[in-house]
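K.L.:
The following block contains the structure, expressed as structure tokens.
The numbers here are math on the coordinates, done by the rules we state, and not lab data. Note that the structure is a prediction, hence the values are computed from the model and not measured. Every residue, glycine among them, receives a Cβ derived from its backbone with ideal geometry; neighbour counts consider all protein chains shown.
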Amino acid sequence: MIVTVTPNPSLDITLGLDRFIHRGINRVQSSLREPSGKGLNVSLALHASGADTIAVLPLGGPAGRELAGLAEAYGVQLRIISIDGTVRSNVSLIENDGATTKLNEPGPELGEDEVTQLVEEALNASQRDGWLAYCGSLPRGFSPFQLARAIALAKQAGRNVALDTSDAALHAVLSGPEANIPTVIKPNTCELATVTGRGLLTVGDVVGAADVLLQRGVETVLVSMGGDGGLLLDKAGALYGRAPVHRVVNTVGAGDSFLAGYLWARDRDLSRDESLASALRWGAIAVQHAGTLFPGLGDHEMTIQLGRVSAPEQPLSEASVP
């Protein structure tokens, strides 16, 4: 069982257009409304692939009711914490060439009791030796300190904890005591550069920055690198891989599918090679489809390239700086 927590879920509206015109009139060619938020995206991907998962999230307001209805229509199990605030709506503008512009609302402010209920429900829904993933940004009222404490409580209760967040929340967790350090952290290259204060120009730079997190007590650092592939670093060393795709349609939510594929494999006690390969495959499938939701494994054929980092000097397609 894999349980996800989405402190700041959203109703995602994806608009397709030929080309985004700044300060001009943009005519929408397609429109899609989906339940979203990083943890919920992970659970939806897992559910679409037949895995047992529960999504824990705070919901309130009209957007919250719509989000719940959409998620339940997909059949995923939800544990809802009712809040006084209103769930945010996020808008993604997807151009025909795959270029993406996102407009994200900040989300509601949670009360202290609502945060406590969310953390307690996550523990109640998860199982000892199972996976509990905290994913996404923190809404107002849910402090980085509270996140660190939630991770410590989960570890004390015997959960394997995965974390996918950024900025102050990630800094707070990594700068705290070892009890707060999750089992797995999944940054992208930009988040990794920011949290370590290192510029990332090459694959070798990514390995070096990921090792900083390993030295702080993280068991596994899983880095999503977009078109450059993905990297897994643990005490056994660095494993690098790529899953080339012919055409990228939409990158929104691909990192969530990447994490979902990894957790799917880890929950089945698959090897580190199989776990990274699964993450790469799920991420590659995701970018070939419109919308933010994972379409399921299907019969997609692709070549997964795995191996040691044989060329650390290989430049990244997009450099990341702190």
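K.L.:
At 0.36 nm per residue, minus the direct Cα-Cα distance, what do Glu301 and Asp273 gain on full extension? Give it in nm, one decimal, please. Before the final figure, lay out each step's value.
P.N.:
On the way: separation 28, 0.36 × 28 = 10.08 nm, distance 1.82 nm.
Full extension of this stretch gives 8.3 nm more.
K.L.:
Contact order normalised by length for the range 87-236, with contacts defined as Cα pairs under 8 Å and 6 or more residues apart; what percent is it? It would help to have the intermediate numbers written out before the result.
P.N.:
Details: 234 pairs, mean separation 23.4, N = 150.
The value is 16 percent.
K.L.:
Please give the Cα centre distance for the range 198-243 versus the range 291-317, rounded to the nearest Å.
P.N.:
Each part reduced to its Cα centre gives a spacing of 14 Å.
K.L.:
Rounded to the nearest 500 deg cm²/dmol, what is the calculated helix-only ellipticity per residue at 222 nm for the chain, with -39500 (n - 2.57) per DSSP H run of length n ≥ 4? Write out the running numbers ahead of the final one.
P.N.:
Working: 9 runs with 112 residues, N = 322.
Counting only the DSSP helices, I get -11000 deg cm²/dmol.
K.L.:
Oh, and also: Efficiency by 1/(1 + (r/R0)^6): what FRET value for Ala179 and Leu17, r their Cβ-Cβ distance, R0 = 56 Å, to the nearest 0.05? Each step should come with its number before you reach the end.
P.N.:
Working: r = 48 Å, r/R0 = 0.85.
Here the calculated transfer efficiency is 0.70.
K.L.:
Under 18 Å Cα-Cα from Lys235, which lysines qualify once same-chain neighbours fewer than 8 residues away are excluded?
P.N.:
Lys186
K.L.:
Once you order the gyration tensor axes a ≥ b ≥ c over the Cα atoms, which shape class does the range 98-242 get: rounded for a/c under 1.5, otherwise prolate or oblate by comparing a/b with b/c? Present the calculation step by step, with values, prior to reporting the outcome.
P.N.:
On the way: a/c = 1.93, a/b = 1.34, b/c = 1.44.
It is oblate, given that a/c is not under 1.5 and a/b is not larger than b/c.
K.L.:
Share of antiparallel DSSP beta bridges in the chain, in percent to the nearest 5?
P.N.:
Numbers: 26 of 59 bridges.
Just about 45 percent of them are antiparallel.
K.L.:
So for the range 76-166: antiparallel DSSP bridges make up what percent, rounded to the nearest 5? List each step's numbers first, then the result.
P.N.:
Numbers: 5 of 11 bridges.
Taking every DSSP beta bridge with both residues in the range 76-166, the antiparallel ones total about 45 percent.
K.L.:
Starting from the Cα of Lys38, draw a straight line to each of the aspartates and glutamates and keep only those under 14 Å, dropping any in the same chain fewer than 8 residues away.
P.N.:
Candidates past the 8-residue exclusion: Asp12, Asp164, Asp256.
K.L.:
Pairs of alpha-carbon atoms within less than 8 angstrom and 6+ residues apart define the contacts here; what relative contact order does the chain have, in percent? List each step's numbers first, then the result.
P.N.:
Values: 766 pairs, mean separation 56.8, N = 322.
RCO, the chain: 18 percent.
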